[in-house]
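A.B. asks: Got a structure here, written out as structure tokens. Questions coming.
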């Protein structure tokens, strides 16, 4: 069985992420979306919330699973018998960083990395940018699935009330 992991923080998952997941699901027997657990990184949504959010928007892809990981991604891959990582690239700046990561991942555990160029419609898109636009009341409906838009708006409203 050909398996691949699609790692990230997915805070929140965007149409750019989903584009890579959809394309990977057509190429591999199983795609595991691995949500990063990083206690030092400030996220808007908890790991469990992100996992649930992702599960709700990938139902059209029966070969996609959602999991989480903490630590080195290559260790997760070895433990779960996943030989390949798939990463979406938006720009040259992504490539510089991701190339270094792919080389060290290969050196550490022999894990291959497949780079997929992001669809042009999503080449500028990042979760951070979407959160910033939404925090100022901007329309993010063309960047996120409808259920994620609602969760994002509710979280921003709740956080604003707490300030």
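The values are calculated or read from the model by the stated rules, or taken from the named source; none is laboratory data. What you see is a predicted model; the values in this text were computed from it and never measured. Cβ placement follows ideal geometry from the backbone for every residue including glycine, while neighbour counts extend to all protein chains displayed.
A.B. asks: So which residues in the stretch 3-21 are closer than 13 Å to residue 119 by Cα and in contact with a strand residue (DSSP E or B) (Cβ under 9 Å, 6 or more places away or on another chain)?
C.D. replies: First pass over the stretch 3-21, keeping only residues closer than 13 Å to residue 119 by Cα: 14-21.
Within the stretch 3-21, 16, 17, 19, 20, 21 qualify.
A.B. asks: Give just the number: which of (1) free of Cβ contacts under 8 Å to residues at least 60 places away in the same chain; (2) under 15 Å from the mean Cα position of the chain (by Cα); (3) within 19 Å of residue 121 (Cβ to Cβ) does residue 13 not satisfy?
C.D. replies: (1)
A.B. asks: Given the criteria within 23 Å of residue 110 (Cα to Cα), out of contact with any helix residue (DSSP H, G or I) (no Cβ under 6 Å at 6 or more places or on another chain) and crowded, with 18+ Cβ neighbours inside 10 Å, does residue 18 qualify?
C.D. replies: no
A.B. asks: Go through (1) in contact with a helix residue (DSSP H, G or I) (Cβ under 8 Å, 6 or more places away or on another chain); (2) buried (at least 18 other Cβ atoms within 10 Å of the Cβ); (3) at pLDDT 95 or above; (4) closer than 22 Å to residue 12 by Cβ and name the single condition residue 68 misses.
C.D. replies: Among (1) in contact with a helix residue (DSSP H, G or I) (Cβ under 8 Å, 6 or more places away or on another chain); (2) buried (at least 18 other Cβ atoms within 10 Å of the Cβ); (3) at pLDDT 95 or above; (4) closer than 22 Å to residue 12 by Cβ, the lone unmet condition for residue 68 is (2).
A.B. asks: Does residue 51 qualify as being at pLDDT 95 or above, under 16 Å from the mean Cα position of the chain (by Cα) and surrounded by 17 or more Cβ atoms within 10 Å (Cβ to Cβ)?
C.D. replies: Details: at pLDDT 95 or above: yes; under 16 Å from the mean Cα position of the chain (by Cα): yes; surrounded by 17 or more Cβ atoms within 10 Å (Cβ to Cβ): yes.
The answer is yes for residue 51.
A.B. asks: Quick one: how many residues across the stretch 124-141 are in contact (Cβ under 8 Å) with a residue 40 or more places away in the chain and either surrounded by fewer than 18 Cβ atoms within 10 Å (Cβ to Cβ) or more than 14 Å from the chain's Cα centre (by Cα) (or both)?
C.D. replies: Number satisfying all stated conditions: 2.
A.B. asks: Would you pick out the residues in the stretch 71-83 that are assigned to a loop (DSSP other than H, G, I, E, B) and either surrounded by 20 or more Cβ atoms within 10 Å (Cβ to Cβ) or free of Cβ contacts under 8 Å to residues at least 60 places away in the same chain (or both)?
C.D. replies: 71, 72, 82, listed by residue number.
A.B. asks: So, in the stretch 106-126, of the ones that are at pLDDT below 95 and assigned to a helix (DSSP H, G or I), which residue ends up nearest to residue 44 (Cα to Cα)?
C.D. replies: Checking each candidate, the answer is 122.
A.B. asks: Would you check if there is a residue in the stretch 85-100 being assigned to a helix (DSSP H, G or I), in contact with a helix residue (DSSP H, G or I) (Cβ under 7 Å, 6 or more places away or on another chain) and surrounded by 14 or more Cβ atoms within 10 Å (Cβ to Cβ)?
C.D. replies: No, that holds for no residue.
A.B. asks: Does residue 151 meet the test of being surrounded by 14 or more Cβ atoms within 10 Å (Cβ to Cβ), touching a residue at least 60 places away in the same chain (Cβ under 8 Å), closer than 28 Å to residue 30 by Cβ and more than 16 Å from the chain's Cα centre (by Cα)?
C.D. replies: yes
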